[in-house]
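Report on the structure given below.
The values are calculated or read from the model by the stated rules, or taken from the named source; none is laboratory data. All figures in this text were calculated on a predicted structure; none of them were measured in a lab. Positions of Cβ are backbone-derived with ideal geometry, glycine not excepted, and every protein chain shown enters the neighbour counts. Just so you know, the surface numbers come from the protein's heavy atoms only, side chains and all, with ligands and any DNA or RNA stripped out. Shrake-Rupley method; radii C 1.70, N 1.55, O 1.52, S 1.80 Å.
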Amino acid sequence: MIAGAFLVVLGITGGILAFEPELDRLRHPHLSFIKPGSRTFSLVEIGEAASKKYGEPVVAYLLSSSPNVPTEVILSSGVVSVNQYTGEVLGLRTRGQTVLGFTRALHVRLATGDIGRNLLRWSTVLMLISLASGLYLWWPRKRIRIRGPWWSRLFWSDQHNSFGIFSLVPLLLLTATGIVIGFEDEVSSLLDKMYGANPVHSSQTPARPEPSQGNTELTPDQAIAIASAQLPGALPYRLQMPRYGGLYVVSLTYSDNRIGAERNSISLDPRNGRIVAVNQSAGLSPRERFMATNEAIHTGNILGMPTRIIAALASILLPLQVVSGLLIWIRRTNFLRRG
């Protein structure tokens, strides 16, 4: 019962976060959707438009993921949406707390820091015990039906049994993966002991480039082209500017790989285009691959939209299970007292 209060928070916030990108765009349609055009402005032109309007240098670019989605420019004060077909600056989203940001903070740590994080991770352990005991109690009768009026004890008992068994598998997966995330440090340490710590290769550690003899300055578009040529089939989605770190860092993703898909990056010398470091998802250590798979299952991204829908529905059903379980307990307690 104590854990139930926290599980209600996890269920509601988890159901919302399963569709966080879509909900975020619906909340800011004027910054999220554009009409495709025939000509595309260069990243330099897009960045200059954003910098001129807000008086700040470009930190990074978030490339458009679809023809009807604008390119985003990251500044120190926030994220600027720019229509890449017209060069129009659509607006700035500051780095202040948003509704979805607060929802994520609630889901991860009750928006209270380490205390909330510890409460939630131990609540998920209790949730795993609750699911196991629920299956044990359901198994002898295997009841899947709903009878009686909605206010009756029979209705809530049947609802608890029926909804519980249908949501059991996805809730078990969400709970187990949530426990791994909650105890990430401990699990990572255990996996490193089992498989050995992932050695750090010098080629995977970007460093500031040595002085170049040439005077050529690589443009953001050229950096994207060089990185894309190194990983055929990968789609660039983010470009870090050399002002912050001394290198262009291009992040790429594979659309057909949902496990560690976005863990690809190429670092380039901004003056001559020399590749300084290459990190690929194919080179993930067993620990990194396990954690990436665990995260993909927990968020519902493992198989795309179908599993995201299942994860959202299971999360939304969790508060209902907590409420129905509480009502059953209250009615049974009152019945015993009267007896």
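So which residue, out of SER76, SER32, SER324, gets the largest mean-square fluctuation from a GNM of the chain using Cα contacts under 10 Å as springs? With Cα springs under 10 Å in the chain, the top fluctuation among SER76, SER32, SER324 is at SER76. Once both labels are positioned 7 Å from their Cα atoms along Cα-to-Cβ, the gap between PHE102 and SER133 label points is 3.4 nm.
Evaluate the chain: find the radius of gyration of its Cα atoms, find its Kirkwood radius, and give the ratio Rg to Rh. My calculation puts Rg/Rh at 1.07.
Considering the options PHE183, THR71, LEU171, tell which one lies farthest towards the positive end of the dipole of the chain, charges being +1 on Lys and Arg and -1 on Asp and Glu at the Cβ, about the Cα centre. Ranked along the dipole, the leading option is LEU171. Remark: the chain carries a charge dipole of roughly 1800 debye about the Cα centre, counting +1 on each Lys and Arg Cβ and -1 on each Asp and Glu Cβ. Rounded to a whole number, what % of the accessible area of the chain do carbon and sulfur atoms account for, probe 1.4 Å? About 61 percent, which is the carbon plus sulfur part of the accessible surface. Normalised by 2.2 N^0.38 Å, with N the number of residues, the alpha-carbon radius of gyration of the stretch 74-146 equals 1.99.
The separation of the stretch 10-31 from the stretch 220-258, counted between C-alpha centres, amounts to 26 Å.
Once both labels are positioned 7 Å from their Cα atoms along Cα-to-Cβ, the gap between MET1 and GLU288 label points is 4.8 nm.
Once the Cα-Cα distance is subtracted from the 0.36 nm per residue extended length, the LEU23 to LEU168 segment shows a gain of 49.5 nm. Once the Cα atoms are used to define both axes, helix 220-230 deviates from the longest principal axis of the chain by about 70 degrees. Each stretch of four or more DSSP H residues adds -39500 (n - 2.57); spread over every residue of the chain, this sum gives -17000 deg cm²/dmol at 222 nm. Largest first, the residues VAL82, VAL44 sort by 1.4 Å accessible area into VAL44, VAL82. In terms of the mean number of neighbouring beta-carbon atoms within 10 Å, the peptides 219-229, 308-318 order highest first as 308-318, 219-229. Under 10 Å, Cα contacts only: if you run a Gaussian network model on the chain, which one of ASN83, ASN272, ASN294 comes out with the highest mean-square fluctuation? Greatest mean-square fluctuation among the candidates belongs to ASN272.
Per residue, the accessible area of the chain comes to 56 Å², computed with a 1.4 Å probe over protein heavy atoms only.
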